[in-house]
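Here is the structure we will look at, set down as structure tokens.
The values are calculated or read from the model by the stated rules, or taken from the named source; none is laboratory data. Because the structure is predicted, anything quoted here is derived from the model rather than measured. These area figures cover heavy atoms from the full protein model, side chains too; ligands, DNA and RNA do not enter into them. Shrake-Rupley method; radii C 1.70, N 1.55, O 1.52, S 1.80 Å.
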Amino acid sequence: MTTIKRLGVLTSGGDAPGMNAAIRAVTRTAVNNNMEVLGIIGGYQGLIDDNIIPLDSYSVRGIIQRGGTMLLSARCAIFKTEEGLAKAMQTIRKRQMDALVVIGGDGTFRGANDLIQHYHFPVIGIPGTIDNDIYGTEYTIGYDTCLNTVVDAVDKIRDTGSSHNRIFFVEVMGHESGFVAMNSGMACGAEIIMVPEQKNQMEKVRSFLAERARLNKSSMIMVAEGVEGGAMAIAEKVKQEFPQFDIRVSVLGYIQRGGSPSSKDRIAASELGVAAVNALIEGKYGMMVGYERNCIHLEPLEKAVKMHKHINADIIKVAESIGTFTPLD
Ligand code: ATP
């Protein structure tokens, strides 16, 4: 058991629906264990600037249903330097923090790992990113809400696509990982799903489209933004080769980050927030709290940032079995 008197909490990187629910769970669990809680405003930049507010059970009321993050988030380049890290540590010492909870994606965890490696400061991570791309956890806060937003938008696009017999390319988030494209594509009944994990997929997509052209059928093609320059670039190539198609593109963009968190995200954020504080009390840090086989699981942060999470082969098989073409090897 470790005595933590004062706990810091921050959200960093891209915001994700459910981050507020995680802040609430961390704060209330910490307060119930006689800790003071400091909310750091604007991620690591707030640590560097000493931009901090006290949090208590009352100050986190009424936020569980809100998207975004009440503590604000930021991308803070200076934190990656030794100077930035030292400034952040100065604030931690000045404020007499005993431990820190960081909520964010793999970049956020790299920063947390630096604090641990350079200063042996106790940090624990909660995975909060709409991408669900963090190794060592089956789930990251915000993913379910993001999928629901995409499904809702694509259902509407499909109505017009099939009425006009069009080929629709829908671009979703995912520079390097295709989790959003794969799962939302499957949920929307997309004809093709293109993910960035697969290189040189155009050849396979072309032959699939040639068959669609022969049948004169409309199609929904889900494209992760990191594929072949994105949906616009792919649509341009296809237009030249298949002039008979009426091709449209819809880039969903930032709507995928916003909105009220789904019940799944609120519950996951609450479970992970409680687990993070309990782990710190038990003296466990340098860890990310996540899920393995649907149960809370601790993964070393160092491993979570070094290893790559792959799309589950079973989900690809399911997609293919129900007629979705995934040009994967
Ligand atoms: P998302 O997956 O939603 O983009 P993220 O946490 O990966 O979230 P990043 O912008 O990559 O978002 O990282 C958030 C912050 O973490 C950065 O602004 C920076 O302050 C810190 N960070 C990122 N990478 C590193 C690194 N290699 N070393 C130290 N700090 C880092």
Write down the percent of antiparallel bridges among all DSSP beta bridges whose residues are both part of region 144-257, to the nearest 5. 0 percent
Sequence of 52, 322, 296, 64 when ordered by accessible area, the most exposed leading, probe 1.4 angstrom: 322, 296, 64, 52
SASA check, residue 49, accessible area w/ 1.4 Å probe, all protein chains in place, rounded to nearest 10 Å², comes out at 90 Å²
Any idea what angle helix 179-188 forms with the longest principal axis of the chain, computed on alpha-carbon atoms, 0 to 90 degrees, nearest 10? 50 degrees
So what are region 1-92's ellipsoid semi-axes, whole angstrom, largest first, if each one is the square root of 5 times an eigenvalue of the alpha-carbon gyration tensor? 22, 18, 9
Whole-number accessible area per residue in Å² for region 1-83, which is evaluated in the context of all protein chains at 1.4 Å: 45 Å²
What percent antiparallel are the DSSP beta bridges of the chain, to the nearest 5? 25 percent
Solvent-accessible ranking of 293, 61, 214, largest area first, probe 1.4 Å: 293, 214, 61
To the nearest 10 square angstrom, how much accessible area does residue 249 have with a 1.4 angstrom probe? 50 Å²
Note down the accessible area of residue 292, probe 1.4 Å, to the nearest 10 Å². 100 Å²
Hey, what angle do you get for helix 19-32 against the long axis of the chain, alpha-carbon based, 0 to 90 degrees rounded to 10? 20 degrees
Cross-link partners of residue 303 among lysines (Cα-Cα below 20 Å; sequence separation of 8 or more within a chain): 80, 284
Nearest-ten-degree value, helix 231-241 long axis tilted from longest Cα axis of the chain: 10 degrees
Mind checking which aspartates and glutamates have their C-alpha under 14 Å from residue 309, skipping anything on the same chain fewer than 8 residues away? 106, 131, 133, 138, 176, 197, 292, 299
Using a 1.4 angstrom probe on the protein heavy atoms only, could you order 199, 204 from most to least accessible area? 199, 204
Using alpha-carbon coordinates alone, the radius of gyration and Dmax of the chain in Å work out to 21.7, 70
